Amino acid sequence: MGAYNLAFATADGGKTWQPALQRLPNPKSLHLYGVRYVGGKVYVVGEQGLLLKSDDGGASFNALASPYKGSFFGLLAARSGALIAYGLRGSAVRSTDQGEHWEALATGLPMSISAGADLGPAGLALLSQTGDLMVSHDDGASFQKIAPSGGPLPAAGLALADDHHLVYASLRGMRRQALP
């Protein structure tokens, strides 16, 4: 999935790909930024608050009501199944009912959230585009800001490296940090 409603699907493990944009209720051809498979359902987030859900493995999608009209760049799933969509200007929303209802989360960030990661038993993490790390230990109901080691950086990606460390991807290379 990608820019201007670009969507392809494979049924043979990636050997061949077929256009799938007709499956998405996206008449404005908004950009698609994040895809997540959670509990047998496929979720897509994108530009202008776009939230889509498939109950049939991606064969068809339905639009979900969005509480936010800015872009969502990604989606996390807590171990309980709660969903956290995050994006532009520090916005994050949470759903505990498979996307039917969403509540705004207070991140305190004025800049975009560019990445998120499941930290396993340690919780969930969100990363701003300036390297601010936000961690949740309560199933994504709230996030606390953690000072990044090494100072701010223009961050683009976040991954759990092992049970004790995160790795940030940035315009200045990779950075490893101990889990808070």
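On inspection, Gly58 does not qualify as touching a His at 6+ places or on another chain (Cβ under 6 Å) and surrounded by 14 or more Cβ atoms within 10 Å (Cβ to Cβ). Checked against (1) in a strand (DSSP E or B); (2) open to solvent by 60 Å² or more (accessible area, probe 1.4 Å), Gln98 meets all criteria but (1). For region 62-95, filtered to residues that are free of Cβ contacts under 8 Å to residues at least 40 places away in the same chain and under 21 Å from Gly131 (Cβ atoms), the residue that is surrounded by the fewest Cβ atoms within 10 Å (Cβ to Cβ) is Arg89.
Matching residues to (1) under 20 Å from Ser80 (Cα atoms); (2) modelled with pLDDT of 90 or more; (3) assigned to a strand (DSSP E or B):
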{"residue": "Leu127", "(1), (2), (3)": "no, yes, yes"}
{"residue": "Met134", "(1), (2), (3)": "yes, yes, yes"}
{"residue": "Asp138", "(1), (2), (3)": "yes, yes, no"}
{"residue": "Ser142", "(1), (2), (3)": "yes, yes, no"}
{"residue": "Gly151", "(1), (2), (3)": "no, no, no"}
{"residue": "Tyr168", "(1), (2), (3)": "no, no, yes"}
{"residue": "Gln177", "(1), (2), (3)": "no, no, yes"}
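For region 153-166, the set of residues classified as open to solvent by 30 Å² or more (accessible area, probe 1.4 Å), farther than 21 Å from Gly108 by Cα and either part of a strand (DSSP E or B) or of a type in the set (Ser, Thr, Tyr) (or both) consists of Ala159, Leu160, Ala161, Asp162, His165, listed by residue number. Looking across region 10-57 at every residue that is of a type in the set (A, V, I, L, M) and free of Cβ contacts under 8 Å to residues at least 24 places away in the same chain, the one that is farthest from Ala104 (Cα to Cα) is identified as Ala11.
The values are calculated or read from the model by the stated rules, or taken from the named source; none is laboratory data. These figures come from a predicted structure and were not determined experimentally. Here the Cβ is made from the backbone with ideal geometry for all residues, glycine too, and neighbour counts use every protein chain on show. In case anyone asks, the SASA skips ligands and DNA or RNA and just uses the protein heavy atoms, side chains included. Shrake-Rupley method; radii C 1.70, N 1.55, O 1.52, S 1.80 Å.
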